Each structure stands twice: as structure tokens, then as C-alpha cells.
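Below is one structure, written out as C-alpha cells; comments come after it.
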Amino acid sequence: MTAKRRLLDDCVHCGFCLPSCPTYQSWGEEMDSPRGRIHLMKAVAEHKEPLTAAAVGHFDRCLGCMACVPACPSGVQYNVLIEETRATIERTYHRPLADRMFRGMIFGLFPYPRRLKLAVLLQLIYQRTGLRWLVHRLGLVRLLPPRVRNLEALMPPVGLRQLTDHLPSHQAAAGTRRARVALLPGCVQRVYFPAVNQATLRVLAAERCEVVIPDELGCCGALSVHAGRADEARGFARAAIAALEGAEADFIVVNAAGCGSSMKEWGHLLADDPDWAGRAAALAAKVRDVTELLAELGPVAPRHPISIKAAYHDACHLAHAQRIRAQPRALLRGIPGLELVELDSDACCGSAGVHNLLEPDSAREIGQRKVDSVLAAAPALLISANPGCTLQIQMLLRERGHDVRTAHPIELLDASIRNVPLA
Ligand code: SF4
Ligand code: SF4
């Protein structure tokens, strides 16, 4: 029996996972639940069902949010199952031409910061010359294909900072060094949220960590692995591992939830490659979300008050995939004056890697529960530790006529430690 068949057989079809699944909550369809998808995976593996467009649709609509994993009393590794299923789909299923072209554009752009900067330049021209205003005024935006229209709506306002920001390759610890860490600047994070990386550098230094950012460090492969592009993901992972090994760091620090969860699985991703399996597992063991590391080390830099009512959004790839919930909250509660309120929903916002780009309608529908909970909590600030979530929630709030300020937890810590207003 193959390893995948054994994992499939771990599911006893009890259904305890169903209430945790956002797609099942939305549509009440068994085949859009973890149990139904596992049933379908098994039928396909046993050649009882072909990989039809309908079957692929059920797998495509899975957010990969992993809310079903901690909910399962039998320990079913749904994360491994859906990853392998997606890899099988990409290898064997022939998607329609328009779908292939759109995916080609996404995966030819987002994992490459230099290309993303070029896209930012075009976006800057589009937003600043009045072209965007004209496109909306004339209703031309409605003529765009749905996925392109969604991409246009997701785009945050950009400025020159996104084009000119530069990260140093080394930052000394402010005081006696407690750890030497390598920082992954990310792709979307590096280009669209440069302030988050700058804040991360400052906070790590203030907490007496020496930080290195290897010049040759590129994409970690997270977007590709979540979409089943396994060979591409392995290529990115090998290059990132080689770059990070040279940093000789005690920890690899990540400030984007999706990247961190995928890097912690590098050992699994490269398990069948004898040249890289050991190196991948060794590096993966050093990976920490920045909030996880700061909680582990304990605070040394004094905090100053920030008086604001804030709500913390649990990114799925932190809360479900890495089981990191307490650490960011503990760090935020360490800021005097900060009123931290809880959202009544920890469900996915619909972003889920590139899910919101590939399945915009279902992502939009699923994200409404998150927006409802944000509006009910009425925070002055929404805190999110994943750039994809931040963009998705901002878009959905805008579409409902609301504008809630957002920040990464590390930006708050940075402002509190430096005793400056939140930028
Ligand atoms: S995945 Fe787990 S919780 Fe869901 S039906 Fe299977 S055994 Fe039950
Ligand atoms: S990963 Fe998320 S969307 Fe997919 S089956 Fe599990 S809970 Fe449902």
C-alpha cells in the first residue's frame, strides 16, 4: 500500500472536521468538506472516479486553510493529502487554456520580486495618472475577465517607497547578542509591505538579535507548493536553503505566515531527494515565525504605550498550520495601552495563498464572515500577520464601504519600542 493510501485510510469518516471547514460552512456540500474531498481522493486513487473537471473543482475550491487538521481526532494529515492531490492534478489534468494562461501569469510574477516591482511601476502609473479613475468612471472595469477584475480590486495603493525601499544585508544587535538570525524578506511582503520588513529588522535588533539577509535569497516556494507545482517549489526551496545555509544563523525568521508554514515543511518537500533531504530538514527545524521567536526569547526592549483598540486576525497558516495563536497575542498584550479585542470568527478570510486570485468568487463569499466579524468588533486597527490576508480583508472592507486601518503585529511592536506613532 502506498504512503498516500495509508494516509487516506486514516480517515474514519466521523465528520468532526465538517463544522471547521469554511467551504462546507458556506455551501453545505459534502464534496466541499474535508471528509468529502478525502472520499474523492480515495476514489480517484483507486481509479473508481476519473479526475474530471467537477472533481478538480472540489479540490480547487479547498482553501488549504488547514482548519480541518487540528479539528480531526484521528490525526488525518489533510495537509499532505491535498498537497499531493494538487501535485497530481498539475501533472495529469489538462486545464482550459485561459486557466493555464492566468496561472502562468501568477506564477511567473509573484515569486519574483524584481518582476513584481515592474508590476508596481505599472500600477503606480495606472493609479497616479488618473487612468484608474477613468477606467472606473467609464465602467470599463466591468468588461474585464472576472479574475483580472478581482486582481484590479485587490491592488493596494502603491507609492515610490515600494520601488525604492532597500534592506541592508546585515543588522547588528543592539547590545549583547542573544541570537544570530537570517530574515526571509518574502516576495509580496518585500515589494508591497516594505515597512513590515524594516520594522522586523528594528525589532529584532532591539531584542538583541543580529540579523542577516542573504543577498541571493529569493522565494521560499510557498505559493508554488500550495498550488501543487511541486517541482517548481522544490527548485525554489533548494535555492533558498543554499542561500540560508551560508548565513550560519541560529534561526530563520519569517514574518509572512504562508512562507513560514511552507518552510517548516521543507523536510517533507525534499524527502525523496537524497542530496537535499537532510539539509532541508535541518534548515526547517530552525524556521520561526517572528512572533514565535520573540515570545521564545522573551522581551528585553522596553515598551511604550500605544492607546488604540485593535483586533488580531488569525492567519490560517499561522493559527492552523503552525498552531501559533498565543505568541502574537502575548506580544501585543505586552504593549501598554493597547486594547486587544477578539474577532468572533477565526475562519479563513478567503485569501489562502493565491486562492483568492484563482477562485475569486468563492474567496469573496467566504471572506464575508471575516468582514462581518471585523465590523462587529469595530476596531480602530486590524492586525494581520500575512500580506495576502491583509490585502484580501482590505479589499472586502472597501467593497462594503469601510476603511479599517491595518498593520502587522511587528509594526506595532516597533512603534511601541521606539516610542513613535504608528506609521
Ligand atoms: S478527516 Fe478526521 S475528522 Fe474529518 S471525517 Fe476524516 S477522520 Fe473524521
Ligand atoms: S483545508 Fe480548509 S477548506 Fe480545505 S477541507 Fe480543510 S478546512 Fe476545508
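The values are calculated or read from the model by the stated rules, or taken from the named source; none is laboratory data. Quick caveat, the model's predicted, so the values are computed rather than measured. Cβ coordinates were reconstructed from backbone atoms using ideal geometry, including for glycine residues, and neighbour counts include every protein chain displayed. Just so you know, the surface numbers come from the protein's heavy atoms only, side chains and all, with ligands and any DNA or RNA stripped out. Shrake-Rupley method; radii C 1.70, N 1.55, O 1.52, S 1.80 Å.
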Being outside any loop (DSSP other than H, G, I, E, B) and either under 23 Å from Lys264 (Cβ atoms) or open to solvent by 10 Å² or more (accessible area, probe 1.4 Å) (or both): is that true of Arg177 here?
no
Residue among Glu399, Glu365, Glu359, Glu342 that is open to solvent by 10 Å² or more (accessible area, probe 1.4 Å), closer than 21 Å to Gln322 by Cα and modelled with pLDDT of 90 or more
Glu342
Would you mind telling me which numbered condition in (1) open to solvent by 30 Å² or more (accessible area, probe 1.4 Å); (2) in contact (Cβ under 8 Å) with a residue 40 or more places away in the chain Asp231 fails?
(2)
Evaluation of Arg103 against (1) in a helix (DSSP H, G or I); (2) open to solvent by less than 60 Å² (accessible area, probe 1.4 Å); (3) within 16 Å of ligand 2 (Cβ to nearest atom) (one fails), failing number
(3)
Only residues that are farther than 12 Å from Thr291 by Cβ, touching an Asp or Glu at 6+ places or on another chain (Cβ under 8 Å) and aliphatic (A, V, I, L, M): list them for the stretch 309-323, please.
Ala310, Ala311
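Hey, among His39, His13, which residue is open to solvent by 40 Å² or more (accessible area, probe 1.4 Å) and outside any helix (DSSP H, G or I)?
Values: His39 fails: outside any helix (DSSP H, G or I).
One residue alone meets the criteria, His13.
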Quick check on the stretch 307-325. Is at least one of its residues in contact with a helix residue (DSSP H, G or I) (Cβ under 8 Å, 6 or more places away or on another chain), on the phi > 0 side of the Ramachandran plot and not in a helix (DSSP H, G or I)?
yes
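Given the criterion open to solvent by 70 Å² or more (accessible area, probe 1.4 Å), out of contact with any helix residue (DSSP H, G or I) (no Cβ under 8 Å at 6 or more places or on another chain) and among the basic types (Lys, Arg), identify the matching residue among Arg142, Arg161, Arg132, Arg137. Please lay out each step first, then the result.
Values: Arg142 fails: out of contact with any helix residue (DSSP H, G or I) (no Cβ under 8 Å at 6 or more places or on another chain); Arg161 fails: out of contact with any helix residue (DSSP H, G or I) (no Cβ under 8 Å at 6 or more places or on another chain); Arg132 fails: out of contact with any helix residue (DSSP H, G or I) (no Cβ under 8 Å at 6 or more places or on another chain).
That would be Arg137, the only listed residue that is open to solvent by 70 Å² or more (accessible area, probe 1.4 Å), out of contact with any helix residue (DSSP H, G or I) (no Cβ under 8 Å at 6 or more places or on another chain) and among the basic types (Lys, Arg).
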Considering every residue within the stretch 75-95, establish whether at least one is within 19 Å of Asp361 (Cβ to Cβ) and either within 11 Å of ligand 1 (Cβ to nearest atom) or of a type in the set (Lys, Arg) (or both).
yes
